[in-house]
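To start, the structure itself, in structure tokens.
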Amino acid sequence: MPAPEETTAAAREFLADHPEAEDALTALVERDARDAPWTFADIALDSGQFGELVARDLATSVDDGYRLENPAAIRAAIEAGPAPADGADAAAGAAAPAESPADSTPSGDVRARLSQLPTSADVDVVTLLGLVGTLLAVAGARLVAAPAVFQQGFVVSPANDTYFFRYWQERLAARADGVFDLGLFADMGGAAGTRPLAHAINWWVTVLLGGVDAAPAVAAWLPVVASVCLGYLVYRLARLLTDDVRVALAAVLFYGLAPVNVVYTSVGFLDHQAHQYLWLGLLVLTLTALGVDVTRRTTHTDPQAAVRAHARDATMWLVALALALAVAASAHAYGGSPLTFVPVAAVVGLRVALDVRHDVSPAAANAPLLGGLALGGGLALAAHLALGWHESIAAITPVLVAGGALVVVGLGELWRRVAWPPLALVAAEAVVAVGGLVAYARLRPGDVERLQTRADDLFFREGISETTSLFSPDFAVIFGPLLQLGLGFYFAIAVLGVATWAVARRYEPGWLVPVCFAWYYTLLATVQVRFAGQLAIFIAPFAGIGLVYLLSAIDIARPVAALGQGNDAEPVSTGTRSSRSRSSRAGADDVSSEGNAITSLALPAGTRLRGYLAATVALVLLFNLLLVPSLVGQTTHDRAQFDAALTVDSHAEEVDREYPRNFVLSQWGDNRMYNYFVNGEAQGYGYARSNHDQFLASSNPDDSYDRFRDRVGYVVVTDRENAPATNTTYAALHEGLGLGANDTAPTGHYQLLASDDGVRTFAVVPGATIEVSEPSGEAVTATTTLTIDGGSDDTTYEYARNATVANGTATIRVAHPGEYQVGNETVTVTDDDVLAGNQTTVPPA
């Protein structure tokens, strides 16, 4: 099988000899794209032209007729036109200016970029099915939580913070007069504080789909839809970088099945992550697209002409507009948005240094990038000033980055003109950055104090599982990434090292972007594992390259050519096998005119190789498939917990308790869920976090009643691994059910409503009092029998409360209605007595 370059040259020579055969050859290329063999009788070539087609190795015999060799290379020859006459190339080269028309005109640039768009030529049926399949895998992984989310006709979102977003989603949607209620964007109240864009999109989509009644469905499906959209952005990012559809599809799988990313974007997980990840993906894709465009132009023409064409290209300014939207959206998507722009600043600084090192004009090479950053920063600041969105530091950060980028580009132009060392430019950029920060600190000290507070949250926050390190010693350091990201991390980290070396050695402004973001989020994930969700996005292309390289190493796929060649180096092959061996492995893989791109997905020719391919891919992804359910299960609320919420809600409605008398005290990690379904007040969990553990550790639950009065109406106690001592409130309520079971003391203010699967649900009540006059002994006991709902079955308990005699009277407080035996007397305590704190008197014997 000839090389693609040889096929292109032969096809151009064929067209030069037979220009009238161009239409027939084009038809053959289209027929080959449909995977259809042909015979001489099926084509519009005469016998001489057909014979030449075979003699020039443009077509080859197969079982059912003939097929073209390297159809993409032939298509490239058709687009380029016939080969010029002998000596014409040399004459044209001598006469042409440094910038050739083909490279400088918009049509030449557009034609090169169109190879990156999903056209019928590069997305055949098999490839399209592969893309759809991987995106379905992204969605399917996020539906693992579906049984726990869709319970009894309700959407029970995982985790705790999701109910904060549902709280604002419903309140803002209820206030909206429709999707065109633009005034509400400027009047979102507390929702405008730290994550305004996420809240705004949530309520707007809710109103668009039907209003408050659609809120549960939006809460359930919006994260899944956003994840699928991000999966497509990952696909485009990997295609843009590698020109290899196999790498792109593998990248989508590694992103889509990364356990930590699945957790934060699973069905029902209406939080800021889905919004943040999506805009972050667009941010990186647009930055990468701008860099890749410059690189591709410099491979075909003079660098200065190439960057001037890049700066004049309308398409690149459309990409810059998308960059501006991503910048503005990222600034307002979540509370820690200033962190997003640190790698953006690093990309700009290092890219300018690369420009100077390779004698490329930084101003021209970065003109669309600067425009996108400036417009995005302006939009972010405008949203803060006009709509009151977010903190000032969040809105000013992208403006600072844009201003710093302008200064750095100007400095780079100066550096290039005076031919100073590029390494010294990096040091000068660092000085500019430090000087800018110092000036900002003096001008806005309040913002600096706020940054210090956020830094403390980042580096010193404890008590939450997501604040541990990705490389936690609890998992022997190296196994943490496996549990959170799967095997893709280990594939990616090796390729990331190679990519870093390539970026340092060659002019690769496109690759610079994911390299910087991947290392940056690796550092953040080292501090707090929650940043591994973002890391999964950026390591996905590197993991895809690693997987395809593994498949080629075991001889069941074409070698991957990504990172194998550069502008200032000869192409470097990633494999040494013969073209015959590659042909048997690659099957019908479509190779682009550039010779290294694989733009069509095809399976190996042999059944055994296909089996090996499927088994290898399945083995690599097996860890992800096993880890996703267990990690997702740690965030969902089980049936017993949700039943407790419904039990409390039913009881509160029955006895007419309204907020705050129907407030539920529980473990803080579940507190918003309980209160969302009981009273709708899911804005915060501060009271639960401050009081719940202290309450369970106290020695007597009844002592807390006066403190809870008119503030806590219900208590939910769940099983704890590190249970407090036996003489505590936890033991009395969880082990003893508040009834005195398991050798614990019964309580007089906690009425057990349900006990199911480790979850105990109590109503906090005044309790009825039974007053016994002139008892015969020193202590008096009131006893009744209670039947408690235990979920799958009911259990009968004896509930006995006693009191000592003082001044000839004993007063016994009980939390349950029923027929009580007091000595030889029987008294009846009603629900109203318990709820109102009524007293029943037992006459003297």
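The values are calculated or read from the model by the stated rules, or taken from the named source; none is laboratory data. The structure presented is a predicted model; accordingly, all values stated were derived computationally and were not measured. Glycine gets a Cβ as well: all are built from the backbone with ideal geometry, and neighbour counts include every protein chain shown.
Per-structure values
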| item | result |
| --- | --- |
| Search result, residues across segment 16-37 that are crowded, with 16+ Cβ neighbours inside 10 Å and out of contact with any helix residue (DSSP H, G or I) (no Cβ under 6 Å at 6 or more places or on another chain) | ALA24, LEU25, LEU28, ARG31, ALA33 |
| Some residue of segment 239-246 being closer than 17 Å to LEU136 by Cα, in contact with a Phe, Trp or Tyr (Cβ under 7 Å, 6 or more places away or on another chain) and in contact (Cβ under 8 Å) with a residue 24 or more places away in the chain | no |
| Some residue of segment 473-489 being within 21 Å of LEU240 (Cα to Cα), in contact with a helix residue (DSSP H, G or I) (Cβ under 8 Å, 6 or more places away or on another chain) and surrounded by fewer than 16 Cβ atoms within 10 Å (Cβ to Cβ) | no |
| Qualifying residue in segment 245-254 (condition: under 20 Å from ASN202 (Cβ atoms) and touching a strand residue (DSSP E or B) at 6+ places or on another chain (Cβ under 7 Å)) | no |
| From GLY533, GLY575, residue being at pLDDT below 75 and touching a Ser or Thr at 6+ places or on another chain (Cβ under 9 Å) | GLY575 |
| Answer residue from segment 695-706, given it is touching a residue at least 12 places away in the same chain (Cβ under 8 Å) and not hydroxyl-bearing (Ser, Thr, Tyr) and is farthest from HIS651 (Cα to Cα) among those | ALA697 |
| Residue in segment 744-761 that is small (Gly, Ala, Ser), under 25 Å from LEU646 (Cα atoms), touching a Gly at 6+ places or on another chain (Cβ under 8 Å) and modelled with pLDDT under 95 present | yes |
| Count of residues meeting criterion [polar (S, T, N, Q) and buried (at least 19 other Cβ atoms within 10 Å of the Cβ)] in segment 668-705 | 4 |
| Leading residue by the ranking (modelled with the highest pLDDT) among those in segment 588-620 that are of a type in the set (Ser, Thr, Tyr) and part of a helix (DSSP H, G or I) | THR616 |
| Exclusive hit being at pLDDT 80 or above, within 26 Å of THR286 (Cβ to Cβ) and out of contact with any Phe, Trp or Tyr (no Cβ under 6 Å at 6 or more places or on another chain), set ALA419, ALA427, ALA439, ALA405 | ALA405 |
| Neighbours by Cβ (under 6 Å, 6+ apart or cross-chain): first from segment 144-170, touching a residue at least 12 places away in the same chain (Cβ under 8 Å); second surrounded by 22 or more Cβ atoms within 10 Å (Cβ to Cβ) and of a type in the set (Ser, Thr, Tyr) | ALA145/SER266; ALA145/THR636; ALA148/THR636; PRO158/THR636; TYR163/TYR676; GLN169/THR206 |
| Count - residues of segment 724-752 that are out of contact with any strand residue (DSSP E or B) (no Cβ under 7 Å at 6 or more places or on another chain) and in a loop (DSSP other than H, G, I, E, B) | 11 |
| Among the candidates THR194, THR162, residue that is modelled with pLDDT under 95, among the polar types (S, T, N, Q), in the same structural domain as ALA329 (by TED's automatic domain parsing) and in contact with an Asp or Glu (Cβ under 9 Å, 6 or more places away or on another chain) | THR194 |
| Pair list, Cβ < 6 Å and 6+ apart or interchain, from segment 382-398 residues that are over 21 Å from GLY436 (Cα atoms) to residues that are surrounded by fewer than 19 Cβ atoms within 10 Å (Cβ to Cβ) | LEU387/ALA186 |
| Test result for THR796, closer than 18 Å to THR830 by Cα, assigned by TED's automatic domain parsing to the domain that holds LEU835 and either of a type in the set (Phe, Trp, Tyr) or touching a strand residue (DSSP E or B) at 6+ places or on another chain (Cβ under 6 Å) (or both) | no |
| Odd one out for THR841 among (1) more than 30 Å from ALA640 (Cβ to Cβ); (2) in contact with an Asp or Glu (Cβ under 6 Å, 6 or more places away or on another chain); (3) not in a strand (DSSP E or B) | (3) |
| Which numbered condition ALA800 misses (of (1) at pLDDT 95 or above; (2) assigned to a loop (DSSP other than H, G, I, E, B); (3) not acidic (Asp, Glu)) | (2) |
| Helices (runs of 4 or more DSSP H) lying entirely in segment 1-55 (those with 1 or more residues that are free of Cβ contacts under 8 Å to residues at least 40 places away in the same chain and within 24 Å of ASP124 (Cα to Cα)) | 22-33 |
| Residue among TYR714, TYR705, TYR750 that alone is within 17 Å of ALA815 (Cβ to Cβ) and in contact with a His (Cβ under 7 Å, 6 or more places away or on another chain) | TYR705 |
| The one condition in (1) surrounded by 16 or more Cβ atoms within 10 Å (Cβ to Cβ); (2) at pLDDT 80 or above; (3) part of a helix (DSSP H, G or I) that ARG585 fails to fulfil | (2) |
| Residue check, TYR334 at pLDDT below 95, among the aromatic types (Phe, Trp, Tyr) and assigned by TED's automatic domain parsing to the domain that holds VAL503 | yes |
| Unique match (being buried (at least 23 other Cβ atoms within 10 Å of the Cβ), under 30 Å from PHE491 (Cα atoms) and outside the structural domain of VAL156 (by TED's automatic domain parsing)) among VAL715, VAL648, VAL628 | VAL628 |
| Candidate set from segment 727-776 (those that are aliphatic (A, V, I, L, M) and in contact with a Pro (Cβ under 8 Å, 6 or more places away or on another chain)); member that is nearest to VAL805 (Cα to Cα) | ALA768 |
| Residues within segment 296-351 that are over 26 Å from the mean Cα position of the chain (by Cα), among the hydroxyl-bearing types (Ser, Thr, Tyr), closer than 23 Å to VAL515 by Cα and assigned to a helix (DSSP H, G or I), tallied | 1 |
| Residue match in segment 743-756 (condition: crowded, with 23+ Cβ neighbours inside 10 Å and over 51 Å from the mean Cα position of the chain (by Cα)) | no |
